[in-house]
Amino acid sequence: MAFDVNKIREDFPILKRKVNGYPLVYFDNAATSQKPSKVIDSIVDYYSNYNSNIHRGVHSISQEATDAYEDARKKIQEHFNVKDSNEIILTSGTTHSINLVANGFTNLLSKDDEILISELEHHSNIVPWQMMCEKNGAKIKVIPLTSKGELNYDSFLNLLSKKTKLVFVNHVSNALGTINPIKSIISKAHEFGAAVLIDGAQASSHIKADLQELNVDFYTTSAHKLCGPTGIGMLFGKKEWLNKMPPYQGGGEMISEVTFEKTTYAGLPHKFEAGTPNIVGAIGFGMALDYLNNLGFDSIEFYETELLNYATNKLKEIPGFKMYGEAKHKTSVISFNIGELHSYDIGTILDKFGIAVRTGQHCAQPVMDYFGISGTVRASFSFYNTKEEIDYFCKSLERAVAMLS
Amino acid sequence: MNIIEVQNEIVEEFSLFEDWMQRYEYMIELGKSIELIDPSNKVDSNLIKGCQSKLWLHAELNDDKLIFKADSEAIITKGIAAVLLRVFSNQTPKNIIEANLEFIDKIGLKEHLSPTRANGLLSMIKQIKYYALAFNKN
Ligand SMILES: Cc1ncc(COP(=O)(O)O)c(C=O)c1O
């Protein structure tokens with residue numbers, strides 16, 4: 001099936017808008033993706049037709065809402081090939097998911113234990129562990145980068161030991177687009193008895209991860225990165241682990257019996273879903289997965305790789321262009337600087353041309369420190385972007401450089 | 001020139017421009033010609049927060065007038081700083097405190113005033129006014 005990008009663009013209402021008098025060129029997809037009408041409509045439909053609280057009403061629309069919410073969980077289960085839908089916790093997103101695991105491990109680790117975190121991590125993947133280590137005394141060890149922006153695999157092997165209890169790596173780096181070799185990281189870590197958490201936030205819009213095949217212990221994602229709504233995401237956790245971890249928040253939905261003397265907790269997944277959840281978010285999340293699966297991840301990957309190569313080759317012709325992150329396997333992200341120009345200046349002028357890119361540190365200060373830079377311009381492409389947009393982007397970039405030099 | 005006169009002069013200069021590109025080109029020029037802060041004053045305590053690029057602002061009293069100097073890693077931020085320094089540097093603290101800021105709107109920089117914009121224009125103005133308040137007491 002041919003990939004008809006112009007037809008696909010029709011699905012995204014926002015792509016019709018203008019910014020500063022120019023048609024919007026949205027190249028900030030790594031920060032968040034745009035939403036197709038199908039997802040937007042599912043949100044409107046929920047609030048217009050069956051808005052109701054779930055798991056607690058005997059009335060019809062509560063049942064409809066409960067079914068839709070649990071349907072979404074099943075879609076997520078199928079998409080990520082998870083064995084048991086109880087292993088899918090609906091959270092507010094990756095940050096929430098990681099904090100939930102960090103909290104769960106607080107009492108499982110002690111001062112002789114070590115956790116390995118890659119230097120490529122997003123701040124949301126670093127800070128919760130630092131907070132946990134302050135409580136239980138466990139030590140953080142950092143898996144370093146190579147100059148290509150890949151993880152130094154040999155160092156990873158050297159750092160692994162019997163003391164290693166947890167390994168945290170993102171599937172794809174948000175700052176550089178590097179796709180990490182998570183399959184071998186997981187199996188190596190398992191040889192030492194360590195659990196592995198993979199942050200899939202940046203991967204999920206490009207790669208369909210098969211969690212049983214990966215044999216990963218925890219995997220997280222945020223729906224907003226994959227054409228779904230904000231404020232919803234998931235934590236996959238193997239049942240053995242989730243059962244060992246205490247609840248993260250107390251409240252309604254997560255209990256089975258409450259007296260003032262003692263409360264017994266509900267089973268999975270409800271133990272970790274306290275309070276009224278983001279019902280409409282879950283529905284939108286499910287719809288977004290339907291939308292992407294309907295396009296097909298193979299087609300998406302093929303087309304995005306084409307965009308990446310096209311843009312990389314064009315950008316390399318601009319004098320002073322320097323790209324950060326040249327991993328052999330990467331998603332459609334280009335992090336770069338031009339000469340001595342500051343990323344903020346370039347981003348400001350591009351915005352004036354209607355082009356949205358990210359500038360600065362991308363919540364990954366350690367990566368910037370590694371390269372000794374204060375930030376980069378990051379252009380990240382999605383399957384609804386076009387080569388014409390890349391042409392316009394390169395032309396505008398050259399004008400920005402001329403203005404700023 | 002007093003603050004109002006400088007502001008009027010800047011508004012007039014900017015009124016000659018037909019589009020954003022000319023406005024920005026001019027600001028970039030101003031940024032390049034800004035009187036730079038002494039390197040010894042480029043210290044963390046002179047950093048302005050809320051800015052994606054580093055931005056330093058230094059103030060000292062010369063007779064009864066406040067002299068501001070600034071620098072930034074980003075040229076557009078430097079240009080914005082240059083415009084502000086032209087208005088506020090070499091004025092008395094009292095006049096700085098009393099100055100209104102309508103000219104920013106008139107020269108098309110209002111979009112930069114939003115507190116969610118990461119360019120520090122708003123923080124820079126706040127800091128300038130703080131300095132004026134502090135030196136006014138002495
Ligand atoms: C790799 C990575 N991890 C974690 C996050 C945080 O995701 P969220 O803000 O949706 O919780 C992001 C999003 O920027 C990311 O790119």
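A short reminder: the numbers here are calculations on the coordinates, not readings from a lab. A quick note: this is a predicted structure, and the numbers were derived from the prediction, not measured. Cβ sites come from the backbone with ideal geometry, for glycine too, and all protein chains shown count toward neighbours.
One table, with the values for the structure above:
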| item | result |
| --- | --- |
| Cα-centre dipole for the stretch A:1-41 with unit charges at Cβ (Lys and Arg positive, Asp and Glu negative), debye to 20 | 140 |
| Counted charge near A:Asp41, where neighbours are those whose Cβ lies closer than 13 Å (Asp, Glu -1; Lys, Arg +1) | -1 |
| Most mobile of B:Gly108, B:Gly79, B:Gly31 in a GNM of chain B (Cα contacts under 10 Å) | B:Gly108 |
| Total charge dipole magnitude, the protein assembly as shown, about the Cα centre, Cβ charges on Lys, Arg, Asp, Glu only, Debye to nearest 20 | 760 |
| Contact order relative to length of the stretch A:229-363, as percent, for alpha carbon pairs under 8 angstrom and 6 or more apart | 15 |
| Cα shape, the stretch B:3-135, gyration tensor, a/c 1.5 rule | oblate |
| Estimated distance in nm for a label pair at B:Asp64 and A:Lys74, the labels positioned 7 Å out from Cα along Cα-to-Cβ | 8.2 |
| Helix-derived mean residue ellipticity, 222 nm - over chain B, DSSP H n ≥ 4, -39500 (n - 2.57), to 500 | -15500 deg cm²/dmol |
| Three-way shape call for the stretch A:40-293 based on the alpha-carbon gyration tensor, with the a/c threshold at 1.5 | oblate |
| Estimated [θ] at 222 nm from DSSP helical runs (n ≥ 4, -39500 (n - 2.57)) normalised by residues in chain A, nearest 500 | -11500 deg cm²/dmol |
| Gained length - A:Asp112 relative to A:Ser405, 0.36 nm times residue gap less alpha-carbon distance | 100.1 nm |
| Gyration tensor verdict on the stretch A:150-247 (Cα atoms; rounded if a/c is under 1.5, prolate if a/b is larger than b/c, oblate otherwise) | oblate |
| Exceeding the 21 Å Cα-Cα cut-off - candidates A:Lys165/A:Lys239; A:Lys225/A:Lys395; A:Lys141/A:Lys322; A:Lys139/A:Lys330; A:Lys148/A:Lys225; A:Lys141/A:Lys162 | A:Lys225/A:Lys395; A:Lys141/A:Lys322; A:Lys139/A:Lys330; A:Lys148/A:Lys225 |
| Averaged over A:283-294, number of beta-carbon atoms from partner chains that fall within 10 Å | 0 |
| By average C-beta atoms within 10 angstrom, highest first, the peptides A:170-182, A:371-383 | A:170-182, A:371-383 |
| Loop sites in the stretch A:192-282: chymotrypsin sites (Phe, Trp or Tyr not before Pro), DSSP, at most 12 other Cβ within 10 Å | A:Phe260 |
| Filtered chymotrypsin sites (Phe, Trp or Tyr not before Pro), the stretch A:1-56: DSSP coil and at most 16 other beta carbons within 10 Å | A:Phe3 |
| Average beta carbon contacts from partner chains per residue of A:335-344, 10 Å cutoff | 3 |
| Normalised contact order of chain A, rounded percent, pairs of Cα under 8 Å and 6 or more residues apart | 23 |
| In sequence order, calculated HN-Hα J values of the stretch B:40-48 (Karplus, 6.51, -1.76, 1.60; Hz; x Gly/Pro) | 5, 9, 7, 10, 4, 5, 9, 6, 9 |
| All lysines inside 30 Å of B:Lys129 as judged from Cα atoms, apart from same-chain residues fewer than 8 positions distant | A:Lys352, B:Lys32, B:Lys42, B:Lys49, B:Lys54, B:Lys65, B:Lys69, B:Lys78, B:Lys94, B:Lys106, B:Lys110, B:Lys137 |
| Choice from A:Lys165, A:Lys188, A:Lys225 showing the highest fluctuation, given a GNM over chain A with Cα pairs closer than 10 Å | A:Lys188 |
| Radius 11 Å from Cβ of A:Tyr219, net charge of other residues (Lys, Arg +1; Asp, Glu -1) | -3 |
| GNM result for chain B, Cα springs below 10 Å: residue of B:Asn95, B:Asn46, B:Asn62 fluctuating most strongly | B:Asn62 |
| Relative contact order of the stretch B:13-73, pairs being alpha-carbon contacts under 8 Å that are 6 or more residues apart, as % | 26 |
| Peptide-level mean, for A:345-353, of C-beta atoms on other protein chains within 10 Å | 5 |
| Beta bridges per DSSP with both ends in chain A, % antiparallel, nearest 5 | 60 |
| Residues with amide H under 5 Å from that of A:Glu253, placed H, sequence gap 5 or more | A:Gly275 |
| Isotropically averaged projected area of the protein assembly as shown, using the convex hull of Cα atoms (one quarter of hull area), nm² | 30.3 |
